[in-house]
Structure formats: C-alpha cells, structure tokens
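Undergrad: Before I ask anything, here is the structure I am working with.
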Amino acid sequence: MQIKLPYIPFMNYARHGLWFSLILTISAIALIATRGFNFGLEFTGGATIEVQYPQTADVSHIRSVAANVVNDAGVVQYGSSRDIQIRFAEKEGSNIDDTMSQMVKAIQADNQDAKITGQSKVGGQYKEELVSKGLLAIGLACVGMIIYLGLRFEWKFALGAVLAQLHDVIITAGIFSLMQWSFDLNVLAALLAILGYSVNDTVVVYDRIRENFRKLPAITPKDIVDTSINQTLARTMVTSMTTLLSVIALFLFGGTILSGFSTAMMIGIIFGTYSSIFVASAIVYKMGVRHEDLMPRSKRPIDDLP
C-alpha cells in the first residue's frame, strides 16, 4: 500500500524553521555551559558490582541493603530476573576499594547464596580523557561527512547537512542537561548514532533534490526543493516511525542501563526528521542552490592532434 500525503510547501516556512532551530541550538548551548551534565560513573569515577541470586531478586530490598553502605547507590536488574547490578560513585575522602569491600560484605551478609559475578571501578581521572575523546569522535565524524557530501553533492549541501547533524546532537545534549538525566557512555554512543541516522535521512532528500534539479531545468529552485521533500516524505515518516517504535521498545524493556541510550535516540530521531527538512534542505535553499551547481560537468574534449 502506497502512502499518499498532501503536498506541503515547506520552503514557505524555511525562515521560520531556521530561526526556531537557531533559538533551540543557542538555548541548548547555554544550558550545557551553565548547568553542565549529570555525568555517570564513567565520567565521575565509581564502582560497579554485579550479583547473581539463586532466585528472583527483590530489587527494593537489595536497594535498601546497598543504601546502608552508600545512600545513593543505584540498583538495577539486568539480564535475567536473578541478576543485579549495583553502581555507586566515588566519594571524596573515601577509598573506593574499601567501599566496594563493604558493599560485598553487606550483600553476602544479607543473602549467603548471593554470588558476586563481577566487580569493576573507574577512576575519576579519566573524565577529561573520555570527554575529549567523545568530542574528538563527533568532530571527526563531522569532518568525514563534510568531505563525503562535498564530493558527492556540492559544498552547500555538505554545509547544510553538517549543521543539521550538529543541531540534532546539540539539542539532544541540551535536553539531557536541562533534565539532568544521567550522561554516561551509552548516551555518548547514542549521540554518535544520531549523527549517522540523521545524515542518512538527509542524504535521501539531497539525492532527490539533485535528481530533480537535473530532470526539471525549467522549475524554480524553491519548487524543486519542495517537490523533492514531498516525494521523500512518506519514506521519511515510515522510516522514522519504525525506528522510533524499536527504540521505544528498547526504552520500555531494556531496563535502566539502556534508558539513557534509548531516550537520547528518541529525541535524536524526532529532531533528525525535522532537521532534514527545516535545517538541511532549508539551508541549501537559502544559500541559493542553482541548476548549474548540480548539472553534470561536461568532459573536456581530448585533442588528438600531434
């Protein structure tokens, strides 16, 4: 069954969309600069203890046991109903190894059949390294996209696509800063995944724009951009909805460990769909893309005279 949507003149609202995105992006940057992030253990330092119980674990009871050692310890169920993960941050003035030992003793004293299946700790000194490497990864991804899109399309398209991807990532990060949700390596991985998802949607629209510029030389650039977006809109909506449903399922059934990743992906998918139209395509249109920019370049004749 083919989905038919009404024709929408998106570029009539290009200026409004760009202003709206600019305000959101500046607000997100201001939030990140002033409020910062609620960094997870990978950034602040702390420990993780994994415990397996012989029967279904009582999470609320285990949480009360762990709170006697560290009052804000996080207790989550992962894997099977018998597997528990206890996470707590490194406290200033305390030894993380001693705290881990006390936590293990408290768990085993509460249930002698509890089996410690794993212990790990992360030092807070790795925070700057993780942040810098995460920003470097995002920067390299953007540079790679500029090179690829610049070679495949035209520099105006490359600039529009990269600004759209940064728009999605910055707004997603800004919402995490606003809500003070835990920002861990899973969220950082989600931000990189958002880059890939968003540029894929943008490239589909760009391909159609380039194709229509070559097929419809008598049509104005505005109408070509609008036509291209409308032609790919059904595909964009179906792709976004199916991906969003998968991420929602991950959010509902993936447990606390994957909640940050799935939340970031849901935000990124929504803004990624929006930005492919009102940021990436709008920037290309406002920068004055012309038929001449996308026409195949004729090859220069080879002079075979001696």
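The values are calculated or read from the model by the stated rules, or taken from the named source; none is laboratory data. Being a predicted model, the structure only gives us computed values, none of them experimental. A quick note on method: Cβ atoms are made from the backbone with ideal geometry, for glycine too, and the neighbour counts reach across all protein chains shown. These area figures cover heavy atoms from the full protein model, side chains too; ligands, DNA and RNA do not enter into them. Shrake-Rupley method; radii C 1.70, N 1.55, O 1.52, S 1.80 Å.
Undergrad: Looking at segment 102-115, can you tell me whether even one residue there is over 25 Å from MET266 (Cα atoms), under 28 Å from the mean Cα position of the chain (by Cα) and crowded, with 17+ Cβ neighbours inside 10 Å?
TA: No, there is no match, as no residue in segment 102-115 is over 25 Å from MET266 (Cα atoms), under 28 Å from the mean Cα position of the chain (by Cα) and crowded, with 17+ Cβ neighbours inside 10 Å.
Undergrad: In contact with a Ser or Thr (Cβ under 9 Å, 6 or more places away or on another chain) and either in contact (Cβ under 8 Å) with a residue 60 or more places away in the chain or exposed (fewer than 14 other Cβ atoms within 10 Å of the Cβ) (or both): does that describe ILE147?
TA: No: the conditions fail for ILE147.
Undergrad: Would you say LEU178 is touching a residue at least 40 places away in the same chain (Cβ under 8 Å), within 17 Å of PHE271 (Cα to Cα), open to solvent by 50 Å² or more (accessible area, probe 1.4 Å) and under 20 Å from the mean Cα position of the chain (by Cα)?
TA: Yes: the conditions hold for LEU178.
Undergrad: Among the residues of segment 205-239 satisfying the criterion of being in contact with a His (Cβ under 9 Å, 6 or more places away or on another chain) and in contact (Cβ under 8 Å) with a residue 40 or more places away in the chain, which is farthest from ILE277 (Cα to Cα)?
TA: Per the criteria, the residue is PRO217.
Undergrad: Answer yes if at least one residue in segment 123-137 is surrounded by 20 or more Cβ atoms within 10 Å (Cβ to Cβ) and either part of a helix (DSSP H, G or I) or modelled with pLDDT under 85 (or both), and no otherwise.
TA: no
Undergrad: Got a sec? Which of VAL187, VAL238 is among the hydrophobic types (A, V, I, L, M, F, W, C) and farther than 28 Å from LEU136 by Cβ?
TA: Criteria check complete, one pass: VAL238.
Undergrad: Right, next: Just one of (1) open to solvent by 40 Å² or more (accessible area, probe 1.4 Å); (2) touching an Asp or Glu at 6+ places or on another chain (Cβ under 9 Å) trips up LEU195, so point out which.
TA: Of the numbered conditions (1) open to solvent by 40 Å² or more (accessible area, probe 1.4 Å); (2) touching an Asp or Glu at 6+ places or on another chain (Cβ under 9 Å), the odd one out for LEU195 is (1).
Undergrad: Which ones in segment 87-97 are under 13 Å from THR48 (Cα atoms) and either part of a loop (DSSP other than H, G, I, E, B) or open to solvent by 30 Å² or more (accessible area, probe 1.4 Å) (or both)?
TA: Listed by number, the residues that qualify are ARG87, ALA89, GLU90, ASP97.
Undergrad: So which of ILE62, ILE84 is in a strand (DSSP E or B) and open to solvent by less than 40 Å² (accessible area, probe 1.4 Å)?
TA: ILE84
Undergrad: Here is a further query. Based on this model, can you work out whether THR242 counts as under 16 Å from ASN200 (Cα atoms), at pLDDT below 95 and either in contact with an Asp or Glu (Cβ under 7 Å, 6 or more places away or on another chain) or open to solvent by 20 Å² or more (accessible area, probe 1.4 Å) (or both)?
TA: Answer is yes for this residue.
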